[in-house]
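The values are calculated or read from the model by the stated rules, or taken from the named source; none is laboratory data. This structure is a prediction, so every number in the text was calculated from the model and none was measured. Here the Cβ is made from the backbone with ideal geometry for all residues, glycine too, and neighbour counts use every protein chain on show. With ligands, DNA and RNA removed, areas are computed over all heavy atoms of the protein, side chains included. Shrake-Rupley method; radii C 1.70, N 1.55, O 1.52, S 1.80 Å.
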Amino acid sequence: MRYKLSDSYYNLGDGESALVYIKPLLTKKNAMEDKAKLLRVKALILVANYDEAIQAATLLIQQNPKNGEAYNLRGVAYANLGNFTHAHQDLISARENFINDATALNNLAMLYMLRENYDKAVEVLMPQYLNGVKPPKLVYNLVLALVKTGRKDDAASIMEKENLSSSPKELIELLGKVKKNSSQVRLK
């Protein structure tokens with residue numbers, strides 16, 4: 001019950017409340033312990049406590065070196081700190097440890113976009129899209145990367161096919177003006 005409450009707060013974007021309600025589960029030995037610890041790391045990232053998130057994820061990895069989600073979350077925290085080398089290594093490790101491939105590839109593409117390497121982001125995302133893997137975040141990131149690489153026709157085609165906008169040309173114009181932002185990276 002406490003885990004579900006904490007998870008609900010996290011999903012509502014209230015990291016502070018998620019941390020309050022998850023705390024008692026972190027000291028108990030139970031079947032939910034790893035899930036609770038992962039949720040704590042997510043909440044720490046949500047409240048921009050990246051250093052503590054990295055420490056908590058590192059402990060999870062030390063306890064279970066095959067924990068793909070812990071690598072993913074640590075990679076997200078590193079990305080938020082601007083440590084793209086460690087972020088990239090952790091996102092690759094997450095993939096090698098069988099985290100959902102669409103999640104791993106989308107996060108890698110986000111990392112490339114943060115580095116303003118939009119061609120590489122398209123290279124990572126397009127095969128997923130063409131193979132029918134179309135979670136919304138992946139599609140949105142692909143469209144943005146296509147616009148940034150000058151492939152506006154391809155972006156418009158995807159937008160029309162996926163019903164992303166009633167006026168794709170206007171949205172493409174706006175996306176073309178998007179600048180890299182130093183605010184929090186919200187990878188999955």
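On average, how much accessible surface per residue is there in the chain, in Å², for a 1.4 Å probe, leaving out ligands, DNA and RNA? Intermediate results must be reported in sequence, preceding the final value.
On the way: 10370 Å² over 188 residues.
I get 55 Å² per residue for the chain.
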Q. Roughly how many percent of the accessible protein surface of the chain is carbon and sulfur, given a 1.4 Å probe and a whole-percent answer?
A. 50 percent
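Taking all pairs of distinct Cα atoms, average 1/r, flip it, and tell me the Kirkwood hydrodynamic radius of segment 9-72 in Å to one decimal place.
On the way: mean 1/r = 0.0854 Å⁻¹.
Evaluated over segment 9-72, this radius sits at 11.7 Å.
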Q | Alpha-carbon Rg with Dmax, taken over segment 86-188, Å | A | 13.4, 41
Q. With the calculation restricted to Cα positions, what are the radius of gyration and Dmax of segment 36-117 in angstrom?
A. 11.5, 35
**Q.** Entries in 134/161; 4/66; 4/134 that, when Cα-Cα distance is taken, lie over 20 Å
**A.** 4/66; 4/134
Q) Out of segment 70-176, which trypsin sites (Lys or Arg not before Pro) are coil in DSSP terms and have no more than 16 other C-beta atoms within 10 Å? A) 115
(Q) Treating the chain as a set of equal point scatterers at the Cα positions, no solvent, please give the Debye-formula log₁₀ I(q)/I(0) at q = 0.18 Å⁻¹. (A) -1.15
